[in-house]
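Undergrad: Following this message is one structure expressed as structure tokens.
The values are calculated or read from the model by the stated rules, or taken from the named source; none is laboratory data. This one's a predicted model, so the numbers in the text were calculated from it and none came from an experiment. FYI the Cβ positions are ideal-geometry reconstructions off the backbone, even for glycines, and counts take in every protein chain you see. Only protein heavy atoms, including side chains, enter the accessible area calculation; ligands, DNA and RNA are left aside. Shrake-Rupley method; radii C 1.70, N 1.55, O 1.52, S 1.80 Å.
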Amino acid sequence: MMDEVESDILILGAGGAGLLAALHALQISKKLKIAIAVKGLLGQSGCTRMVQGGYNAVLHPNDSLDRHFADTIKGGAWLNHQELAWKLVEDAPRRIVELENRAGCLFDRNPDGTIHQKPFAGQSFDRTVHRADLTGIEIMSNLRDAILESDIQVLQECRGVELIEADGRIAGALLAEIRTGRLIAARAKATLVATGGGATMYRISSPSLEKSGDGMAMAWRAGASFVDMEMLQFHPTGLLVGDSMATGGLLEEGLRGAGARLYNGLGERFMERYDPQRLERATRDVVSRASFFEIAAGRGTPSNGVYIDATHLGVGFLMENFPGMVERCADHGFDLVHDRVEVSPSAHYQMGGVRIDVDCRTDLEGLFAAGEDAGGVHGANRLGGNGVADSIVYGGRAGDAMADYVLDRPIAKPAVDTERWRSPRRETGDSPFALRKELEDLMWEKAGIVRSHDGLSSALAELTALAERAESARIDSLPAWNAALDLSNLIEVGQMLARCALLRTESRGAHFREDFPQSDPAWLKNIVVKRDGDPQFDPVQFTRLAPPQTP
Ligand SMILES: Cc1cc2nc3c(=O)[nH]c(=O)nc-3n(C[C@H](O)[C@H](O)[C@H](O)COP(=O)(O)OP(=O)(O)OC[C@H]3O[C@@H](n4cnc5c(N)ncnc54)[C@H](O)[C@@H]3O)c2cc1C
């Protein structure tokens, strides 16, 4: 007999989106039964905890929602779903108040007691709220405490494996305990995927390693629609630490916001060539691509990166404002205060994801998505500081919407096919760990920062072959089983990404095609895909702001 869990609301993932969803739903009704399944540990897993720089919100009287909105849309190269982007900027300030007053977070202050806001790239006003350069720890520690004080059931080190369907709607998920392989049928009236994206499919990446696109892959298999899956962001300043797992870990954007400069291996401040006005404060897509071109042209550093130089900002300033970055560099033998540090673009964040409406409903009844699992908010490029704002805003909105959805709704009791998912024992086949490495290399080389028809076609053929080998990978231990599940999910998300990248025959935001290097106004369209059916090309609806001219 399989173990079972029953709740009104099931939440997969415990980052900012998952936890805000749980707390908001509970606020609406204390009677709701809420269960959270998290692959890692509560409060310790996912990327929200890793947030360094901060959270964008309009708080200053000289700033405005319209400005934040316009920055977000321009940063997103006009591809954003404008109503989703508007809700982001509209709700962001009140969620900051909520994080402080309800959850007990405390953000940095100006001498007059108002919240301090720092500059981030792509902003027309300094609006990034932060706690020094370790903002995520402040947010997640307090959210975790709030969850622990509640009756919410938390299943830790327990991964969502597959969504369960019944009576034409999503009715929960099959879960697996990572350390034992025990399967659990979690039945629910509403299910939220908030497991974060799959940027870890690249050779150099910044997210926490347990994130493997699981929520997206589950939603894909269940038949949900996805939007703009080709849009994956590379952060310009990932550390280079050889074969260490620390490679790809970030030096936060606030450093460039504060004036840190980038140099190539020849000592040239190369951003003068690519964006002479904004220089290092250009958006992430522009800076990452510039670094990539410098490295590809043989003007990189000894470790195949570029240098970030913050020395002119001074010891006092760096120690006061970026203690975490200074310490992170020191941990690996680098001296951010007195020396240049080698960095590389690092795969960071998926702008594409499950298609949602402003209340996080997907087009599958009973299934909701929020945070990085959802697409459309950021268009072709996410502004720094808008990511954690997204997970907090849309997590909250999902919680509100799910609490409403489950009211007076009966729970379905579907039969669950466990045999298909029970950990197999296979002594032959490729190691899933080695296959993962192959995946990372092929995505980096053929579907990375600079793409082409030939590269993407070849990536797709290799992904198909890799998927077949993954199906029969060697599974001789529980870690190997988990690695194989991660691998299959990443391949599925990688296939969506490469397919959509092949379809978009232009360059826009984070998506750069060397065979179509210009943006094409005819491509102001969202690519919508789902497992069954042909891709759809939906013209962007400029419901609030139209491009001034051809962008
Ligand atoms: C190093 C770093 C720095 C960043 N700095 C900033 C910043 O300064 N400002 C900003 O706006 N954004 C920043 N971001 C981006 C930001 O972290 C994300 O946009 C946001 O936190 C995503 O929140 P989320 O809730 O969607 O996912 P996450 O916070 O990533 O949480 C995902 C959760 O899902 C769980 N999970 C994964 N798979 C499963 C599964 N199968 N079943 C159950 N649970 C699962 C994970 O364990 C985790 O708990 C940064 C990201 C990184 C990596």
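Undergrad: Quick one: in segment 239-286, which of the residues that are in contact with a helix residue (DSSP H, G or I) (Cβ under 9 Å, 6 or more places away or on another chain) and of a type in the set (Phe, Trp, Tyr) is nearest to Pro323 (Cα to Cα)?
TA: Selected residue: Phe270.
Undergrad: In contact with a helix residue (DSSP H, G or I) (Cβ under 9 Å, 6 or more places away or on another chain), at pLDDT 95 or above and open to solvent by less than 20 Å² (accessible area, probe 1.4 Å): does that describe Ala121? Give the derivation first.
TA: On the way: in contact with a helix residue (DSSP H, G or I) (Cβ under 9 Å, 6 or more places away or on another chain): yes; at pLDDT 95 or above: no; open to solvent by less than 20 Å² (accessible area, probe 1.4 Å): yes.
Answer is no for this residue.
Undergrad: Follow-up question, since we're still on this one. Is it fair to say Gly455 is crowded, with 19+ Cβ neighbours inside 10 Å, more than 16 Å from the ligand (Cβ to nearest atom) and without any contact (Cβ under 8 Å) to a residue 12 or more places away in the chain?
TA: Working: crowded, with 19+ Cβ neighbours inside 10 Å: yes; more than 16 Å from the ligand (Cβ to nearest atom): yes; without any contact (Cβ under 8 Å) to a residue 12 or more places away in the chain: yes.
So Gly455 passes the test.
Undergrad: Moving on to the next point. With the condition being away from the ligand (no atom under 16 Å from the Cβ) and modelled with pLDDT of 95 or more, I'd like the helices (runs of 4 or more DSSP H) fully within segment 234-319 carrying at least 2 qualifying residues. Walk me through it before giving the result.
TA: On the way: elements: 253-257, 271-274, 284-296.
Ranges flagged: 271-274, 284-296.
Undergrad: Tell me yes or no: at least one residue of segment 424-437 is under 18 Å from Ala199 (Cα atoms), open to solvent by 60 Å² or more (accessible area, probe 1.4 Å) and out of contact with any strand residue (DSSP E or B) (no Cβ under 9 Å at 6 or more places or on another chain).
TA: Checked segment 424-437: at least one residue is under 18 Å from Ala199 (Cα atoms), open to solvent by 60 Å² or more (accessible area, probe 1.4 Å) and out of contact with any strand residue (DSSP E or B) (no Cβ under 9 Å at 6 or more places or on another chain).
Undergrad: Check Ala380, Ala369 and return the single one that is away from the ligand (no atom under 12 Å from the Cβ), out of contact with any helix residue (DSSP H, G or I) (no Cβ under 6 Å at 6 or more places or on another chain), open to solvent by less than 10 Å² (accessible area, probe 1.4 Å) and touching a residue at least 40 places away in the same chain (Cβ under 8 Å).
TA: Ala380
Undergrad: Collect the residues in segment 335-357 that are within 19 Å of the chain's Cα centre (by Cα) and open to solvent by 40 Å² or more (accessible area, probe 1.4 Å), keeping them in residue-number order. Don't jump to the end; show me each part of the working.
TA: Narrowing segment 335-357 to residues within 19 Å of the chain's Cα centre (by Cα): 344-357.
Residues satisfying the conditions are Arg355, Asp357.
Undergrad: Of the residues Leu59, Leu65, Leu32, Leu26, which single one is out of contact with any Asp or Glu (no Cβ under 9 Å at 6 or more places or on another chain), more than 14 Å from the ligand (Cβ to nearest atom), of a type outside the set (Gly, Ala, Ser) and open to solvent by 20 Å² or more (accessible area, probe 1.4 Å)?
TA: The unique qualifying residue is Leu59.
Undergrad: Looking at segment 210-225, which of its residues are touching a helix residue (DSSP H, G or I) at 6+ places or on another chain (Cβ under 9 Å), more than 10 Å from the ligand (Cβ to nearest atom) and open to solvent by 10 Å² or more (accessible area, probe 1.4 Å)?
TA: Within segment 210-225, Trp220, Arg221 meet the criteria.
Undergrad: Just name the residue that is least open to solvent (accessible area, probe 1.4 Å) out of those in segment 514-542 that are assigned to a loop (DSSP other than H, G, I, E, B) and farther than 29 Å from Ala222 by Cβ.
TA: Leu524
Undergrad: May I ask you to say which residue of Ala473, Ala484 is part of a loop (DSSP other than H, G, I, E, B), crowded, with 22+ Cβ neighbours inside 10 Å and touching a Pro at 6+ places or on another chain (Cβ under 8 Å)? So that I can check it myself, show each step before the final result.
TA: Values: Ala484 fails: part of a loop (DSSP other than H, G, I, E, B).
When all the criteria are applied, what remains is Ala473.
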